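Peer 1: One structure coming up, written as structure tokens, with questions to follow.
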Amino acid sequence: MKNKKQGKWIERTQPLRGNPGFEEEGQYFNGRKEGLWRRYNLQGDVLAMENYRWGLFNGICQYYTLDGLEHEESYKALDPDKEYDTIEVPDLFASNVFKKVVIKNEGYALKHGKWTFYDPRTGFILKTQSYIRDSLENPLAVFGVKQKPLNDSAAVDIKKKALALKTKEILEWEKKNAGKKKVKVRDGSTGY
């Protein structure tokens, strides 16, 4: 009635400009992909198994070659009907500490969870990556460096180093102007 796709569908994409064609099968709910969708090449071999929620990736998505499983990805979908959403963002200076941040929701899926890359012929794991809300959990793992959790003394050391980088003139100016009333600058905002 509202011109939105509902129920089970099979969609076919023809080969175009050197890109191979494929078929997808899954379910629509109110015009958005929902649940498990399978993608096949035109010969019937499985290319991908993707999970959707609100038309966005959500959960484990697996991608295949003719030899076998190539990699697995994990996502978390944000509800596209909400204009703003609250997500937890990891603190840069303390491990296992998250801050809630309100963001403008542009309707996308966050990388969230374990990503695993396989050798399709042998099935051996080539590498793994862990994401927390679209951020790599340990970006230095690519170089073989293990993340060490920062304790309170390490955070204090970082603050001391930042303070040591200030020049004598900056410290004098901050000391001189510490008790002064702050002047409001007109920046053109309306205050909403």
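Coordinate-derived values only; no laboratory data. None of these values were measured; they are calculated from a predicted model. So basically every Cβ, Gly included, is an ideal-geometry build from the backbone, and we count neighbours across all protein chains shown.
Peer 1: Where the only charges are on Cβ atoms (+1 Lys, Arg; -1 Asp, Glu), what is the dipole of the stretch 48-119 about its Cα centre, to the nearest 20 debye?
Peer 2: On the way: 8 positive and 13 negative charges, 75 e Å.
Here the size comes out at about 360 debye.
Peer 1: Using a/c under 1.5 as the rounded threshold, could you call the stretch 4-128 rounded, prolate or oblate? The axes a ≥ b ≥ c are square roots of the C-alpha gyration tensor eigenvalues, and prolate needs a/b larger than b/c, oblate otherwise.
Peer 2: Oblate is the answer for the stretch 4-128, as a/c is 1.5 or above yet b/c matches or exceeds a/b.
Peer 1: Could you work out the per residue convex hull volume over the alpha carbons of the stretch 37-81, in cubic angstrom? Mind showing how you got there, number by number?
Peer 2: On the way: hull volume 2.5 nm³, N = 45.
Each residue corresponds to 54 Å³ of Cα convex hull volume.
Peer 1: Cβ under 13 Å from ASP81's Cβ, ASP81 left aside: what net charge do those residues give with Lys, Arg +1 and Asp, Glu -1? Numbers along the way, then the final one.
Peer 2: Details: positive: ARG32, ARG53, LYS82; negative: ASP79, GLU83, ASP85, GLU106.
In short, -1.
Peer 1: Could you list GLU106, GLU50, GLU25 so that the one with the fewest beta carbons within 10 Å of its beta carbon is first and the one with the most is last?
Peer 2: Placing the least packed residue first, the sequence is GLU106, GLU25, GLU50.
Peer 1: Below 8 Å, C-alpha to C-alpha, sequence gap of six or more: please give me the relative contact order for the stretch 7-146 in percent.
Peer 2: Numbers: 304 pairs, mean separation 19.8, N = 140.
Once normalised by length, the contact order is 14 percent.
Peer 1: With each pseudo-label sitting 7 Å past Cα toward Cβ, what's the ASP91-THR128 distance in nm, one decimal?
Peer 2: Spacing of the two 7 Å Cα→Cβ label points: 2.7 nm.
Peer 1: Suppose the chain between GLU23 and ASP119 were pulled fully straight at 0.36 nm per residue; how much longer would it get relative to their current alpha carbon spacing?
Peer 2: Length difference between fully extended and current span is 32.1 nm.
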